[in-house]
Amino acid sequence: MNNKNKKYLLQSALILSIVSLFIFFATNAQINMSNRGLQFGFGFLNREASFDIQFTLIEYSRSSTYLRAYLVGLLNTILVAFFGIIFATILGVIVGIARLSKNYLINNLASAYVEFFRNLPLLLQLFFWYYAALRVLPLPQDAGEFFFSSYLTIKALYLPALRWENFYVFLTLFIISIFLIIVTKFYTKKIQEKDGTQFPIFLISVAILLILPSLSLIFGFSSFSIEKPELLKLSETTYTFEGGLEIPPEFIALLFALSLYTATFIAECVRAGIEAIGKGQKEAAASLGLNPNLVLKLIVMPQALRVIIPPTTNQYLNLTKNSSLASAIAYPDLALVFAGTALMQTGKAIEIVSMVMFTYLLLSILTSVLMNWYNKKQQITEK
Amino acid sequence: MAKIIELKKVNKWFDKFQVLKDIDLDVSSQEKIVICGPSGSGKSTLIRCINRLEEHQEGNIVVDGTELSENTKNIEKIRAEVGMVFQQFNLFPHLSVLDNCSLAPIWVKKLPKKQAEEIAMNNLKRVQIDDQALKFPGQLSGGQQQRAAIARALCMEPKIMLFDEPTSALDPEMIKEVLDVMVDLAKGGMTMIVVTHEMGFAKEVADYMIFMDEGKIVERAKTKEFFENPKSDRTKLFLSQIL
């Protein structure tokens, strides 16, 4: 038998054993389920969930279906992961750069932060923010305004909300301005190639993004009013705020814990990326007459990003998966709502666990695909 | 002849260690100067002060009529006129050889891309690696990389070229191809300051030799005199060791 046939034989044997293992588990589950009188199926998704969820982004009540509950949980997970990734990135980049600072105080503060938050279990940090930090906040009636009619209380963070009229006009203009920026970038590059003129692309982009959407406000095609939270007396001793935007402490604690924890790892990625660019590169660029901004834009960033992006993608995935720790403080994320409450009520363990697993898998794959695409874009010139 | 570089009583310290001591140096346009000396004598630091990659603490440095100091506004303008070639090449690994060369003409001189690439190709031809233009630095040999680095500096059409031990990181058989390019450049009338231990090269092109030790210029002489009749004992000892 030649080598090639041997390989095929081995491969087929492996596939066969995996398939038979899978069939074994499936039939086993089937037998056990039928013994207990359970049936496999997703019909339960259309049944009434009949449980409450404290914090929902879409309309939901006890009489909504399990499918609706799934969507509520999914959106809550996406919400905390989305803002977590944004905050962790901003903080991580700042701290990563601060760790390279020559200023003794800045450098050591950044190092202390990284070493402290990186080395404590995330769950412990979550408990700290939820049970320690946010529990000492004042009651609604005692809370002072801390900025623009915002109130931080033990019950929730109350922010003024924007109530829009014809929001879609504003949104359309916003999307158009993003397209316009891409087009402008393309054409300014063309012009530069042709006659060498350089444009302040960043300033132009900011100007387009600010001016175009605000035209819809100036000409009254869309408008908004600010709704401030007002203190409301419920009974002799209990007060609450009405109106505005209410952000529950579970969300704040989870967002804080996830961002502060993940930012330490991102900071290390950023630091490693910048340190990977040798002093010689900057000196060579400077000796050609490039100013410090151009050195950063043309030489340091393109090389540093290649080192930074892949490990940072891992951190984004970690943050998304770690958001399932929400169960510990009762933030109604996908894991708690669906793999918790809904599973308990329906007993549809296999269906629900596999649905939740596939959902997290899908979220992770989407994040990786997006980051891989960005990474490819950065590396496009490397052969 | 007009002095294009003038150093007067330049002193420099790294923390408490003095690396340059009372350096006086004049360079006229089109002059070629070779600086040699033992390692740690301040040769590299001296030429790095000329395009202000290093800052001096005392004395004056005037390059092409502009004094270099903390207040020098357009240091980039001076640097654009002073090309520099490093021991470690320092090509930009994420750009092709052609892009390495056209980068500064595009962004500093604000030339159209086509024109910048023409200049780049001409200079790559001059150092005989125009056939490697689309490759990336990592795909070239050490000698080719250093020639590409020379071409990159030439693309800015500098008035002065500084060479900081350009052949020290090269394999012996690649040294010659780089030195040939430098000899060519010297014959073309470029003002050059070269830190090197390649004494054959020095004898062929240098107008003046400078010998440095412990941060001081120990000897400055015409090339022939320097090799045939060195004045200081320190120079004699050094030459006897490397020749």
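The values are calculated or read from the model by the stated rules, or taken from the named source; none is laboratory data. Values in this document were obtained by computation on a predicted structure and should not be read as measured data. Here the Cβ positions follow ideal geometry from the backbone for every residue, glycine too, while neighbour counts run over all protein chains shown. Note: accessible area is taken over every heavy atom of the protein model, side chains too, but ligands, DNA and RNA are not part of it. Shrake-Rupley method; radii C 1.70, N 1.55, O 1.52, S 1.80 Å.
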Assigning unit charges at the beta carbon (Lys, Arg +1; Asp, Glu -1) and nothing else, what dipole magnitude in debye, to the nearest 20, does the protein assembly as shown show about its Cα centre? 1160
Expressed as a whole number, the average count of other chain Cβ atoms within 10 Å around the Cβ atoms of B:49-59 is 1
Across A:K279/B:K114; A:K102/B:K73; A:K190/B:K110; B:K3/B:K73; B:K16/B:K231; A:K190/B:K109, pairs whose alpha-carbon gap is larger than 19 Å: A:K279/B:K114; A:K102/B:K73; B:K3/B:K73; B:K16/B:K231
For a quick check of understanding: with a 1.4 angstrom probe and all protein chains in place, what accessible area in square angstrom does A:V270 have, to the nearest ten? 10
With springs only between Cα atoms under 10 Å, which of B:M212, B:M161, B:M199 fluctuates most in a Gaussian network model of chain B? B:M199
Can you find, among A:P200, A:A285, A:I176, the residue sitting farthest towards the positive end of the charge dipole of the stretch A:142-298, where Lys and Arg contribute +1 and Asp and Glu -1 at Cβ? A:A285
Expressed as a percent, the portion of alpha-carbon pairs in chain A spaced more than 34 Å apart is 50
I'd like the distance between the alpha-carbon centres of the stretch A:187-216 and the stretch B:100-135, rounded to an integer number of Å. 27
Quick one: among B:E165, B:E55, B:E204, which has the greatest mean-square fluctuation in a GNM of chain B with alpha-carbon springs under 10 angstrom? B:E204
The stretch A:220-295 versus the stretch B:203-235: alpha-carbon centroid distance in Å: 61
Restricting to chain B, what percent of DSSP beta bridges are antiparallel, rounded to 5? 55
For the protein assembly as shown, what is the percent of antiparallel DSSP beta bridges, rounded to the nearest 5? 70
So the pair-distance distribution of the stretch A:301-383, from every Cα-Cα distance in 10 Å bins, comes to percents of 16, 36, 24, 15, 8, 1
Work out the mean other chain Cβ neighbour count within 10 Å for the residues of B:77-85 and drop it here as an integer. 3
Hey, what D do you get for the stretch A:44-178 in µm²/s if you plug the Kirkwood alpha-carbon radius into Stokes-Einstein at 10 °C and 1.306 mPa s? 82
Using the Cα gyration tensor of the stretch A:102-213, with a ≥ b ≥ c the square roots of its eigenvalues, what is the shape: rounded (a/c below 1.5), prolate (a/b larger than b/c) or oblate (neither)? oblate
With Rg from the Cα atoms and Rh as the Kirkwood inverse mean 1/r over Cα pairs, chain B has an Rg/Rh of 0.97
Averaged per residue, the 1.4 Å probe accessible area of the protein assembly as shown, protein heavy atoms only, in Å², is roughly 54
Starting from the eigenvalues of the Cα gyration tensor, five times each then square-rooted, give me the equivalent ellipsoid semi-axes of the stretch B:47-109, largest first, whole Å. 26, 14, 9
Computed about the Cα centre, the charge dipole of the stretch A:261-383 from +1 Lys/Arg and -1 Asp/Glu charges at the Cβ has a magnitude in debye, to the nearest 20, of 360
In Å², nearest 10: area of A:V353 left accessible to a 1.4 Å probe: 60
Computed over the Cα atoms, what is the radius of gyration of the stretch B:1-106 divided by 2.2 N^0.38 Å, N being its residue count? 1.18
With every protein chain in place, the residues of the stretch A:185-205 shedding 10 Å² or more of accessible area versus the chain by itself (probe 1.4 Å) are A:Q192, A:E193, A:K194, A:D195, A:G196, A:Q198
Convex hull volume of the Cα atoms in the stretch B:94-134, per residue, in Å³? 59
Average beta carbon contacts from partner chains per residue of A:288-298, 10 Å cutoff: 6
A:L210-A:N2 pseudo-label distance in nm [points 7 Å out on the Cα-to-Cβ vector]: 7.1
Per-residue [θ]222 nm for the protein assembly as shown (sum of -39500 (n - 2.57) over DSSP H runs n ≥ 4, rounded to 500): -17000 deg cm²/dmol
Using a Debye calculation, one point per C-alpha and no hydration shell, please list log10 I(q)/I(0) for the stretch A:171-264 at q = 0.18 Å⁻¹ in order. -0.94
Of the options B:A206, B:A221, B:L243, report the single residue whose Cα projects farthest towards the positive end of the charge dipole of the stretch B:196-243 (beta-carbon charges: Lys, Arg +1; Asp, Glu -1). B:A221
Signed unit charges on C-beta, dipole axis of the protein assembly as shown, positive-most listed residue B:S141, A:G41, A:T153: A:G41
Please state, as a whole number in µm²/s, the translational diffusion coefficient that the Stokes-Einstein equation yields for the stretch B:194-243 at 25 °C and 0.890 mPa s, with Rh defined as the Kirkwood radius across alpha carbon pairs. 224
Using unit Cβ charges (K, R positive; D, E negative) and no other charged atoms, how large, in debye to the nearest 20, is the dipole of chain B about its Cα centre? 360
